[in-house]
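Just so it is clear, none of the values below were taken in a lab; they were calculated from the coordinates. Bear in mind that the values here come from a model prediction, so they are computed numbers and not experimental data. Backbone-built Cβ (ideal geometry, glycine too); neighbour counts: all protein chains shown.
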Amino acid sequence: MSQIDDKEAHLKARLQEILKTHSLEYELRFIANMSSELLIDASTCAAALMKLMNDLEQPTQIQSKDPKSPASANKNTSSLTIKMVRYRLNVGSEHAINIEQIKETLIEESGVDKNNINNINIQKNYTLIELPDEMPPDIFLHLKSVEINQCKLDIKRLKPRNNKRRGNNHFRRNRKPDTNHNQTQTVN
């Protein structure tokens, strides 16, 4: 069996598993809307999406002029660098969630690759997580209403902090106490 046949058999098995275990209502609506907007049939739209997903899964290749170099020997040594963005989910440990539940939900509901879900930090009533930048707006809106353990994710994109400190605390640290400030002045 060739490598292409193996890949097709693996894909077929994954599709059968998804068809058995998942509701595809959102995906069907998405395909119908996209094909309507693009004025193409649903099969062509699905084929284009499959091509897009294959392109996103393929690592970038570093071509070396030296055929004996490690980069030429193993073309998977370098991978596409994806810009990550920090998000806040409105669920935390008090909602009886764990990292696996979060990952499974995000994979199922948004289609994000499990390797692109990073730095999950579960707090008492919220979770911080890094996901790839440029999340499509419809997926982002959908994730706002998705629930884990009957609690909405209510996902929010966090602004980068740019290494700024909060408040004016950095001014106070190096300032010497003002001795005149605590004394009362008398006016003659």
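Key figures
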| read-out | value |
| --- | --- |
| Sorted by Cβ density within 10 Å, fewest first, the residues Thr105, Thr127 | Thr105, Thr127 |
| Residues whose placed amide H lies under 5 Å from that of Met84, excluding near-sequence neighbours | Asp133 |
| Segment Arg157-Asp55, length gained on full extension (0.36 nm per residue, minus Cα span) | 34.1 nm |
| Residue exposure sequence - Phe30, Phe140 - by fewest surrounding Cβ within 10 Å | Phe140, Phe30 |
| Burial ordering of Thr81, Thr44, fewest other beta-carbon atoms within 10 Å first | Thr81, Thr44 |
| Flagged links, alpha-carbon separation over 24 Å, of Lys12/Lys114; Lys20/Lys156; Lys114/Lys156; Lys12/Lys156; Lys124/Lys156; Lys103/Lys144 | Lys20/Lys156; Lys12/Lys156 |
| Cα-projected label distance for Asn116 with Ile40, points at 7 Å along beta-carbon direction, nm | 1.9 |
